[in-house]
Amino acid sequence: MNTLASRSDDRVRRVEFSEDSLRVILMDGSALAVSLEWYPRLLNATPQQRKKWRVSGNGYQIQWPELNEHFCAEGLLSAPSVRALPLTPLPPVRSFGYA
């Protein structure tokens, strides 16, 4: 018997910062927020350094090469102060037609 299971897409869509937290928005629209206290390199980084992130690992990892900081979105779930945020509609991802 086949069943249709709903799966979330937990690849990284974008990263946002507030003064004291990191927020990771996933492709399925869900978001995770974690205190920057758990990531001292990001806490002590300038806003310009925080903006220089990239997605790797087939969409599941976030890197800040300049800060030598990297982790996977799944790893955020194990941080003591993580908060799962409600799903919110996001604008569609723009395609630039790269081949």
| query | Once the principal axes of the Cα atoms of region 12-85 are found, what is the range along each, listed largest first in whole angstroms? | reply | 29, 26, 17
| query | Tell me, in nm to one decimal, what length is gained between ASN44 and SER8 on full extension, where the rule is 0.36 nm per residue of separation less the Cα-Cα distance? | reply | 9.7 nm
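Since every read-out is calculated from the coordinates, none of them should be taken as a lab result. Fair warning: this is a prediction, and the values are worked out from it, not measured in the lab.
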